[in-house]
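To start, the structure under review is shown below, and the notes come after it.
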Amino acid sequence: MKIIKLIQSEWCFFFVVLILLLQNTFVRERYWTLDNVLCFLSLSVVYTVIMTIIVCFTKRLWVKVFLYVVSFLLCFINLFLFLCFKTIISPATILLLAETNQHESYDFLRTCLGIPEAKLVLFLLFFTISIVFFVEKNKQKWIKSEIMHICFYLLIPIFLHGLYSLQIFYSLFLCRSTIDVEKWVETRQLKPMDNCTNLVYCLFNLNLLSKELKQAEKTTFNVYKQNSSVVFVDSLHLVLVVGESYIKWHSPLYGYYLNTTPNMLNEKYKDNLYVFTDVASPGNTTSYVLKNVFSTNCLSANEQWNESPFFPAIFNHAGYEVILWDNQYDPKSKETFDFSLNSYLHNPLFRKNIYKLENSFQTEYDADFVDSCLKRTGSWHPRYGISIIHLMGQHFSYYCRYPHNELYDYYSIDSIKNDASYMTNEKRQVIVDYDNATRYNDNVMKKIFDYYREKNAVIVYFSDHGDEVYDYRDYIARDLTDVITPDLLKYQYSVPFFIWCSDQYKKKYPEIVNEINLSLTKPLMLDNLCHLLFHLGGVKTCYYIPERDVLSEKYNCPARLINGKTDYDEVLYPHRNLWH
């Protein structure tokens, strides 16, 4: 009780700091759930109690002012970022601040001061400070108020819940990689909301990322100490297209009842498109999958993505010019997985030393993005070139992934044959949106095929993971559960994969085309994709392992591990004679 009376003597400091720490919670309505709000409200009470006790026991004015300043800074920086840029303090914004020099900071602040929202934030800051200063001068008048007593006693159960909620830091500090942090955020569904927890999470994540990127850079640039070359005499265009959230079972290439891929079917009938039937993704989050795809590691061999080279560097060293077109690249994104992946794919050293061209823009729809990128590619004439195109694909929400007009609003709810007991017309419309987005994606791929049709080119397409749209249960999007079932693997981890060859490529390399044909039913995991690409691109390197190359006679499919631990084949095909 003495502690309560002690804290009550600094009631103004207590309530002001509590509100400042909770500011971030107020603006993140996207994550308003009972668990989230209660967790971070109670944590903020704990932080505020600790700071108030420090102020009471030290009895130093500078300590109190310092804690006020920190709380105000966290609050109003967040408010400024939210009002001006629709973001908050995040690992990305902290990293951007750290990389900004004094001149750039001055120019940025000078520009921002002209923004009405920035002026509003400054006004609110000075107004709030004035109110706090006035209340601090007159706080003694309220100390003995009965309302004040009641408020502090009501905070006791919230404080106790906050002590219990501190366990989230235990699980956070157990994370040993940024992938672990992503899972901590996603699987627990606890988005760090109050300003203190968010800051701790950001700094911890940045520390892990810094270590991983340093290791990734070191192993990648060791590539240039090795011998690599291209064995082909003729010039070649190799294209890697990365799709998004593509459920293979929503394509007639894999037996779907609606013709969502007419252009791809046409390419297949012309013997230009070769469809692989048994390809698995190592995860169902983009960041985890693509880190392991763009690295030369193999998960079943317990090899980590940051301890293995970035495979585009191997192509670059062998003699290929590399370009990256990424319609998902958003340097302003505050999401953990976006920041983590962008820090790898768009690493400044990679951008400077590996990529010949790279986009600095995004478009709402993939077709516009591809048009812009291919237009820029028109002036690019390397002897050997590899283009990496990362699409938005069928990323949720599906309605936003395609233009709405007579051409692309192709299907209606009458087209959907799903008659499960949980289905409604509203849910059928979600499936319609997904199938229309899939058909739109087919048109995007046609643009890419047509551009390379008269060239010596080979295109590899895969999706980073699948998705769900009420396919076998009353559920939409992805499930980050640790309970892996056959149906979950079928829809979220089994992915579409095909290779498209131009007529020139087929004519010049008939033996490779024959190897492709012989490999269509072989099992493959995306973490070993680089070896197939080395094969298609004629790259001779010590990093090529034929036992991991699905086109090789020596291929021996490694165990296909989901999230690094669950054997895909044992769950989905328990009675099949496995390759490994």
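For CYS542 and LEU203, the FRET efficiency from 1/(1 + (r/R0)^6), where r spans their Cβ atoms and R0 equals 45 Å, is about 0.70.
Normalising by the residue count of the range 239-315, find the relative contact order in percent from Cα pairs under 8 Å and 6+ residues apart. Numbers along the way, then the final one.
Working: 53 pairs, mean separation 10.4, N = 77.
It rounds to 13 percent for the range 239-315.
Here each label is just a point 7 Å from Cα along the line to Cβ, and for ASP368 and ASN556 those points are 5.1 nm apart.
Each Lys and Arg adds +1 at its Cβ and each Asp and Glu adds -1 at its Cβ; summed about the Cα centre, the chain shows a dipole of about 1980 debye. Screening the chain for DSSP H helices whose Cα atoms reach 24 Å or more along their own axis and whose mean Kyte hydropathy is at least -0.5 gives 11-27, 34-58, 61-85, 116-137, 146-165, 195-221.
Once you keep just the Cα pairs under 8 angstrom separated by 6 or more residues, what percentage relative contact order results for the chain? Intermediate values should be presented prior to the final figure.
Numbers: 883 pairs, mean separation 109.2, N = 580.
19 percent.
Its Cα centre serving as origin, the range 234-572 has a Cβ charge dipole (Lys and Arg +1, Asp and Glu -1) of approximately 1000 debye.
Exceedance of the 19 Å cut-off in Cα-Cα distance is limited, within the set LYS427/LYS447; LYS248/LYS490; LYS490/LYS554; LYS455/LYS507; LYS59/LYS139, to LYS427/LYS447; LYS490/LYS554.
May I ask for the distance between the Cα centers of the range 388-412 and the range 204-245, given as a whole number of Å? The range 388-412 and the range 204-245 have Cα centres spaced 30 Å from each other.
Annotation: extensible slack from HIS346 through LEU520 equals 59.4 nm (criterion: 0.36 nm per residue apart, minus Cα-Cα distance). For the range 234-572, the alpha-carbon coordinates run over 56, 43, 43 Å along the three principal axes, in decreasing order.
Let me have the relative contact order for the range 234-572, percent, based on Cα pairs under 8 Å that are six or more residues apart. All intermediate terms of the calculation are to be shown ahead of the outcome.
Working: 617 pairs, mean separation 108.1, N = 339.
Dividing the mean separation by the residue count of the range 234-572 yields 32 percent.
Out of VAL289, THR481, LEU374, whose Cα points farthest toward the positive end of the dipole of the range 234-572 (charges: +1 Lys, Arg; -1 Asp, Glu; placed on Cβ)? Toward the positive end, the furthest listed residue is LEU374.
Modelled label positions at TYR422 and LYS119, each set 7 Å beyond Cα in the direction of Cβ, lie 5.2 nm from each other.
With r as the distance between the Cβ atoms of LEU166 and GLU303 and R0 = 25 Å, compute the FRET efficiency 1/(1 + (r/R0)^6) and round to 0.05.
Values: r = 35 Å, r/R0 = 1.42.
Approximately 0.10, to the nearest 0.05.
Restricting attention to the chain, close to 40% of DSSP beta bridges with both partner residues there are antiparallel. Rounded, prolate or oblate: which fits the range 337-419 when a ≥ b ≥ c are the square roots of the eigenvalues of the alpha-carbon gyration tensor, with rounded for a/c under 1.5 and prolate only if a/b beats b/c? Prolate is the answer for the range 337-419, as a/c is 1.5 or above and a/b outweighs b/c.
I need the shape label for the range 307-448. Rule: rounded when a/c is under 1.5, else prolate if a/b > b/c, else oblate, with a, b, c from the alpha carbon gyration tensor.
Details: a/c = 2.74, a/b = 1.94, b/c = 1.41.
Judged from the Cα gyration tensor, the range 307-448 comes out prolate (a/c at least 1.5, a/b above b/c).
Calculated FRET efficiency, LEU83 to TRP249, Cβ-Cβ distance, R0 = 41 Å: about 0.40 to the nearest 0.05. Amide H contacts for GLU321 (H built 1.01 Å from N in the peptide plane; partners 5 or more residues away or on another chain; cut-off under 5 Å): TYR384, GLY385, ILE386.
Can you bin the range 238-322 into rounded, prolate or oblate? Criterion: square roots of the alpha carbon gyration tensor eigenvalues sorted a ≥ b ≥ c, rounded for a/c under 1.5, prolate for a/b above b/c, oblate for the rest.
On the way: a/c = 2.86, a/b = 1.62, b/c = 1.76.
Oblate, since a/c reaches 1.5 and b/c is not below a/b.
Each of GLU406 and TYR269 was given a label point 7 Å from its Cα along the Cα-to-Cβ line. The distance between the two points is 2.4 nm. What whole-number distance in Å separates the alpha-carbon centres of the range 449-491 and the range 253-274? Rounded to whole Å, the Cα centres lie 16 Å apart. Placing a label point 7 Å from the Cα of LYS507 along the Cα-to-Cβ direction, no residue of the range 526-545 has its backbone N under 16 Å from that point.
Size estimate for the chain follows the Kirkwood approach: the inverse of mean 1/r over distinct Cα pairs works out to 26.5 Å. Can you list residues whose amide H is under 5 Å from LEU240's amide H, if they're 5+ apart or on another chain and H is modeled 1.01 Å from N? The list, which skips near neighbours in sequence, is SER387, ILE388, ILE389, VAL460.
Every read-out reported here was derived from the displayed coordinates using simple, explicitly stated rules and does not represent laboratory data. Worth saying up front: this structure is predicted, and the values here are computed from it rather than measured. Neighbour counts are summed over all protein chains in view; Cβ atoms, including those assigned to glycine, are modelled from backbone coordinates with ideal geometry.
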